[in-house]
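Read the structure below first, then the notes.
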Amino acid sequence: MNSQIKKHQACYTVADYMSWPDDERLELIAGQIFDMSPAPSIKHQNITGEFYSQLKQKLKGKSCVPFIAPVDVVLSANDVVQPDVLVVCNPDKITEKNIQGAPDLIVEVLSPRTALKDLREKKLLYERSGVQEYVIIDPLEEYVQRCWLQNDGHYGASEIFGSPEALALQSLPEVELPLWEIFGLEPPEPAIIWSG
């Protein structure tokens with residue numbers, strides 16, 4: 001981490017974050033700095049790119065806008081993140097510099113170095129911030145975990161989807177993504193129904 005940034009401060013703010021140099025990818029969660037380097041793997045980037053491309057195609061002409069990292073998402077005075085993929089349906093949240101407030105959908109593709117943060121700190125942050133749908137993709141095990149915000153303001157039990165399945169997004173009712181394409185796999189063979 002850049003020595004200009006590493007200060008002895010208990011809690012950083014968005015104002016601190018915006019003053020730091022752009023040569024490193026960092027996130028700010030509950031006022032604490034999280035380093036995002038080194039760069040993600042090729043498989044991580046391929047999955048991220050494919051998810052974004054399919055969203056962009058399926059949302060063309062609609063009011064919801066997909067984004068791909070790096071885009072700053074400001075969730076509070078002490079929280080700035082750069083999700084792998086996100087969708088914003090409220091145009092008032094989109095500014096020239098960043099996204100202000102909770103996106104409707106956030107997608108994180110796990111990397112060994114940042115998986116725990118995505119599964120723990122970020123999940124809690126997204127829930128607290130009101131992100132309607134949080135999708136976590138495991139590129140090694142080739143499955144998807146989806147969390148949906150309930151009426152009580154908490155994520156319900158996670159749903160798990162495998163690579164041969166399609167993911168129907170709850171935050172975007174008309175969008176269904178074939179996960180085998182997201183993972184770069186061959187389409188699944190149709191089920192064989194035997195009749196006796």
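All of the numbers you see were taken from the coordinates with simple rules; none came from a lab. Note that this is a predicted model, so its numbers are computed, not measured. No Cβ is skipped: glycine too gets one built from the backbone with ideal geometry, and neighbour counts run over all protein chains shown.
Just a few scattered comments:
- Only Cα sites of the stretch 113-196 enter the Debye sum here, all with the same form factor; the resulting log10 I(q)/I(0) across q = 0.16 1/Å is -0.70, listed in q order.
- Taking 14 Å as the straight-line reach from the Cα of Lys97, the aspartates and glutamates in range (excluding those fewer than 8 positions away in the same chain) are Asp22, Asp72.
- In whole angstrom, the stretch 12-78 maps to an equivalent ellipsoid with semi-axes of 27, 17, 9, each derived as √(5λ) from the alpha carbon gyration tensor and ordered largest first.
- Compared with the dominant principal axis of the Cα atoms in the chain, helix 42-58 is inclined by about 70°.
- Residue exposure proxy: Thr48, Thr13, Thr114, Thr95, ordered by other Cβ atoms within 10 angstrom of their Cβ from fewest to most, comes out as Thr95, Thr13, Thr114, Thr48.
- 5 Å binning of all Cα-Cα separations within the stretch 47-196, expressed as whole percents from 0 upward: 2, 9, 19, 23, 21, 14, 7, 3, 2, 1, 1, 0, 0
- Per-residue [θ]222 nm for the chain (sum of -39500 (n - 2.57) over DSSP H runs n ≥ 4, rounded to 500): -5500 deg cm²/dmol
- Chain lengthening between Asn46 and His154 when straightened (0.36 nm per residue, less Cα-Cα): 35.8 nm
- Here is the list for the stretch 96-196: chymotrypsin sites (Phe, Trp or Tyr not before Pro) lying in DSSP coil, each with at most 15 other C-beta atoms within 10 angstrom of its C-beta, are Trp194.
- Across Lys60/Lys122; Lys60/Lys123; Lys62/Lys93; Lys56/Lys93; Lys43/Lys93, pairs whose alpha-carbon gap is larger than 25 Å: Lys60/Lys122; Lys60/Lys123; Lys43/Lys93
- Based on Cα contacts under 8 Å between residues 6+ apart, the chain shows a relative contact order of 14 percent.
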